[in-house]
Amino acid sequence: MTKMSRSQLTRRGFVTGLAAAGVVGGSGMGVGFAQATSSMTGEAAIRELMAGNERFAAGKITSFAEDLEILKAKTVAKQEPFAAVLSCADSRVPVEIIFDESIGKIFVGRVAGNIVTPEIMGSMEYGVAVLGVKAILVLGHTNCGAVSAAVAGKEVPGQISVLYQHLMPGVRDTHGDVAAAVKANVAFQTRLLRESSTVIAKAVKEQGVKVVGGVYDLGTGRVTLV
Ligand SMILES: [Zn+2]
């Protein structure tokens with residue numbers, strides 16, 4: 001079996017699994033990557049996110065009016081997001097708002113510390129393979145509690161410490177510097193998403209999908225790519 005046919009089989013298994021789970025409807029999507037409705041490139045998708053963040057940081061949000069129109073029309077039968085964002089669960093990082101994007105535009109995964117767990121990996125693969133997003137942005141933020149806790153390495157109640165195993169590889173060499181650890185964690189999770197998922201790696205190679213990292217500054221409202 002060639003490498004190619006093995007990966008095709010893997011993808012077929014993935015999509016079939018989604019169909020079996022009722023995630024993919026009988027829309028004739030077939031095997032393989034979804035035909036994205038947007039002709040946007042991966043680079044354009046990142047540019048659109050950054051332009052939206054500029055509008056947000058400048059206090060010139062346009063998406064709320066659009067959201068109201070979409071809600072009034074009640075016609076959102078399907079979603080065609082152009083980008084996916086993996087963000088921290090932090091309440092101060094409302095993803096659609098900080099990128100000034102309306103309903104249906106961004107496929108968002110959120111978990112404390114914006115870490116790539118198996119569930120997050122599967123969700124992002126769904127965004128790429130089924131929804132046809134052109135870019136994935138892994139978004140950390142300043143003063144992240146999850147990253148700070150991992151850096152401090154203190155004992156925590158319940159299952160909070162399960163986050164540590166995902167955070168430690170990225171932050172262990174930052175010597176207690178939380179700002180550096182936030183950046184390092186974003187870089188680590190971005191690489192993990194780009195390289196350890198066969199679905200995403202293939203989309204990057206063959207379809208120009210972009211997987212990049214960024215840090216949201218709680219103080220300025222600005223996102224900086226890392
Ligand atoms: Zn956080």
### Message
What distance in nm separates the two pseudo spin-label positions at K154 and A179, each 7 Å out from Cα along the beta-carbon direction?
### Response
2.2 nm
### Query
With respect to the cross-link table entries K105/K210; K154/K202; K105/K205; K72/K105; K60/K202, which display a Cα-Cα separation exceeding 28 Å?
K154/K202; K60/K202
### Query
M168 to E54: extension gain in nm, 0.36 nm per residue of separation minus the Cα-Cα distance?
37.8 nm
### Summary
The rounded separation in angstrom of the Cα centers of segment 156-226 and segment 41-71 is 23 Å
### Task
For A89 paired with L225, estimate the spin-label separation in nm (one decimal), with each label point 7 Å from Cα along the Cα-to-Cβ line.
3.0 nm
### Point-to-point label distance, S196-I70, nm (Cα→Cβ direction, 7 Å offset)
3.1 nm
### Task
Report ³J(HN,Hα) in whole Hz for each residue of segment 98-109, in order, from the Karplus equation J = 6.51 cos²θ - 1.76 cosθ + 1.60 where θ = phi - 60°; Gly and Pro get x.
6, 9, 6, 10, 8, 4, x, 9, 10, 8, 10, x
### Query
What ³J(HN,Hα) values, in whole Hz, does the Karplus curve 6.51 cos²θ - 1.76 cosθ + 1.60 give for segment 54-66 when θ = phi - 60°, with x put for Gly and Pro?
4, 4, 4, 5, 8, x, 10, 5, 10, 6, 5, 4, 5
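Coordinate-derived values only; no laboratory data. In this text the structure is predicted, and so the values were computed from the model without any measurement. All Cβ positions, even for glycine, are placed from backbone atoms using ideal geometry, and neighbour counts span all protein chains on display.
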